[in-house]
Amino acid sequence: MDVFCGIDWAEDHHDVAVVDRDGRLLASQRISDDAAGLARLLELLAGHGDSPDDPVPVAIETPRGLLVACLRATGRTVYPVNPMAVARYRDRHSVAGRKSDKGDAAVLANVLRTDRHAHRPLPADSELAQAIAVLARAQQDAVWDRTAAHNKLRSHLREYFPGFLAAFAAARDGIMRPEARVILAAAPAPADAAKLTVAQLRALLRKAGRSRGIDAEAQRLHETLRKEQMRQLPLVEQAMGRQTLAPLRQLEAACASASDLEQAAAESFNQHPDAGIITSFPGIGTLTGARVLAETGDDRSRFQDARGLKAYAGSAPITRASGKTRSVTHRKVKNNRLAAAGYTWAFAALTASPGARAHYDRRRDAGDRHTAAQRNLFNRLLGCLHHCLQTRQHYDETTAFPNQATGKTAA
């Protein structure tokens with residue numbers, strides 16, 4: 001390729017620069033962020049040798065957005081370059097330290113000209129894989145929002161209504177349960193909750209969707225909510241109860257979003273050809289599988305070997321050496337979404353795979369803490385997943401952990 005394009009992205013316009021292999025600026029133009037601007041960009045590239053068989057590569061500071069999606073749809077290679085890296089490259093062209101949109105576009109084009117090999121292009125994932133990534137990431141965000149809303153509501157209830165927390169302390173998901181949210185919406189203050197009759201509680205439990213043990217649960221809640229507890233002053237208590245409705249609505253919305261997006265992500269994931277291979281691994285269900293696929297994609301050329309995937313996930317250790325000093329630590333720069341999914345995967349695999357459990361126990365016996373042993377197990381499973389996806393094989397316990405039967409696990 002003799003021509004390289006750099007785009008300095010902005011909200012309503014973009015600066016474009018095209019340079020040749022010698023660094024000469026061939027074109028510089030500002031385009032609008034709309035269909036007309038995209039057409040002008042493609043026309044500009046076509047005027048400098050762009051063709052379907054030999055598309056001009058593009059460097060841009062963001063990996064998302066409509067412009068990036070449209071450029072990927074044309075089949076060209078798009079390189080997202082971190083803005084901090086662009087700032088370092090800028091010093092090679094000027095020592096003034098001033099930022100210029102037009103100048104940054106030229107800097108991005110020259111990044112491809114000189115160091116294209118050092119930057120990772122956006123993967124050529126299928127349309128279905130990209131859709132799964134949207135849904136899985138949105139669902140993960142909704143789960144994090146749900147956790148934040150739950151913690152906020154729980155912290156508020158501790159200030160004036162500890163009896164309600166005690167009523168659902170032993171239940172799975174606690175106050176995130178539908179019946180807890182319905183009862184709290186009906187009686188947000190201790191005085192209101194104490195007035196609820198058994199019949200009213202039965203009706204609220206049915207409204208929340210409960211179908212079993214309603215009478216016993218209603219009687220238990222009736223007794224628990226009437227127990228003596230520390231109280232705020234009456235007017236303050238009523239005000240705090242009214243305040244509770246705001247974080248409760250946030251929790252309701254987050255729970256509904258997480259549930260809806262989970263179903264959508266699962267439906268899309270089950271349509272993907274890799275779904276069967278991914279879910280054949282112990283500890284991976286449909287949702288975790290969708291999250292793993294969302295971050296790894298289905299472009300098999302994205303990672304040349306398993307080591308690249310492990311480094312991307314943050315499961316592989318990193319060694320730093322300087323003089324006589326040498327340290328081996330875990331990676332802090334990683335794909336945090338994949339790392340979070342990997343922790344869930346490895347934890348679930350402990351009870352689903354004897355080999356995974358033996359591997360974890362061996363790491364613990366060697367002195368690793370729980371998190372380090374989990375990360376090491378994730379590293380092992382991720383390597384197996386890379387191999388299975390490349391060779392189109394399903395998971396096999398005896399192949400993944402061949403020495404487990406003898407009580408030994410390969411490192």
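Projected label points at Asp115 and His156, each 7 Å from Cα along the beta carbon direction, are separated by 4.8 nanometres. For a test of the definition: using alpha carbon positions, the gyration tensor, and the 1.5 limit on a/c, classify the stretch 5-91 as rounded, prolate or oblate. Rounded is the answer for the stretch 5-91, as its axis ratio a/c remains below 1.5.
Within the accessible area of the stretch 321-377, the carbon and sulfur atoms contribute 49%, probe 1.4 Å, all protein chains present.
Taking every protein chain into account, the 1.4 Å probe leaves Met176 with about 40 Å² of accessible area, to the nearest ten.
Dividing the helix sum by the residues of the chain, where each DSSP H run of 4 or more adds -39500 (n - 2.57), gives a mean residue ellipticity at 222 nm of -18500 deg cm²/dmol. Taking a straight line from the alpha carbon of Lys227, these lysines sit under 19 Å away, with near neighbours fewer than eight places off in the same chain left out: Lys195.
How much of the accessible area of the stretch 129-208, in percent, comes from carbon and sulfur atoms when a 1.4 Å probe is used? Show your work: numbers first, answer last.
Values: 1850 of 3660 Å².
Here carbon and sulfur together make up 51 percent of the probe-accessible area.
In order along the stretch 45-54, the Karplus-derived 3J(HN,Hα) couplings, from 6.51 cos²θ - 1.76 cosθ + 1.60 at θ = phi - 60°, round to 5, 4, x, 10, x, 5, 8, x, 7, 9 Hz, and Gly and Pro are given as x. Of the residues His48, His394, ranked by 1.4 Å probe accessible area with the largest first, the sequence reads His394, His48. Annotation: per residue accessible area for the chain equals 53 Å², rounded to a whole number [probe 1.4 Å, protein chains only].
Based on Cβ point charges of +1 for Lys and Arg and -1 for Asp and Glu, what charge dipole magnitude is obtained for the stretch 26-69 about its Cα centre, in debye rounded to the nearest 20? Spell out each step's value before the answer.
Numbers: 3 positive and 7 negative charges, 33 e Å.
Dipole size: approximately 160 debye.
Placing +1 on each Lys and Arg Cβ and -1 on each Asp and Glu Cβ, with no other charges, gives the stretch 328-383 a dipole about its Cα centre of roughly 220 debye. Working note: Karplus 6.51/-1.76/1.60 with θ = phi - 60° gives the stretch 130-138 the couplings 5, 5, 4, 4, 4, 6, 5, 5, 5 Hz, where Gly and Pro are set to x. Between the labelled values (i) 154; (ii) 234; (iii) 137, the entry that holds volume of the Cα convex hull per residue in Å³ as derived from this structure is (ii). Please report the antiparallel percentage of the DSSP beta bridges confined to the chain, to the nearest 5. Expressed as a percentage, antiparallel bridges in the chain total about 75. Couplings for the stretch 14-19, taken from phi via the Karplus curve 6.51 cos²θ - 1.76 cosθ + 1.60 with θ = phi - 60°, read 9, 9, 10, 9, 10, 10 Hz in order; Gly and Pro are left as x.
At a Förster radius of 60 Å, what calculated FRET efficiency corresponds to the Cβ-Cβ distance of Thr325 and Gln232, to the nearest 0.05?
For R0 = 60 Å, the calculated efficiency reads 0.55.
You can think of it this way: the chain between Asp141 and Asp33 has 36.1 nm of extra reach, that is 0.36 nm per residue less the Cα-Cα gap.
Using 0.36 nm times the number of residues separating Gln390 and Gln200, minus their current alpha carbon distance, what extension gain do you get?
Details: separation 190, 0.36 × 190 = 68.40 nm, distance 5.82 nm.
That works out to 62.6 nm of additional length.
Surface composition of the stretch 1-100: carbon plus sulfur atoms contribute 51% of the solvent-accessible area (1.4 Å probe, protein chains only, all chains present). Inter-label distance, Thr224 to Glu43: 6.9 nm, where each label sits 7 Å from its Cα along the C-beta direction. Which FRET efficiency value, to the nearest 0.05, do you get for Ala186 and Phe347 by plugging their Cβ-Cβ distance into 1/(1 + (r/R0)^6) with R0 = 30 Å? FRET efficiency, Ala186 to Phe347: 0.25.
The values are calculated or read from the model by the stated rules, or taken from the named source; none is laboratory data. For clarity, every value in this text was computed on a predicted model and none was experimentally measured. Methodologically, a virtual Cβ is constructed for each residue, glycine included, from the backbone with ideal geometry; neighbour enumeration extends over all protein chains shown. Accessible surface is based on the protein model in full, side chains and every heavy atom, while ligands, DNA and RNA are left aside. Shrake-Rupley method; radii C 1.70, N 1.55, O 1.52, S 1.80 Å.
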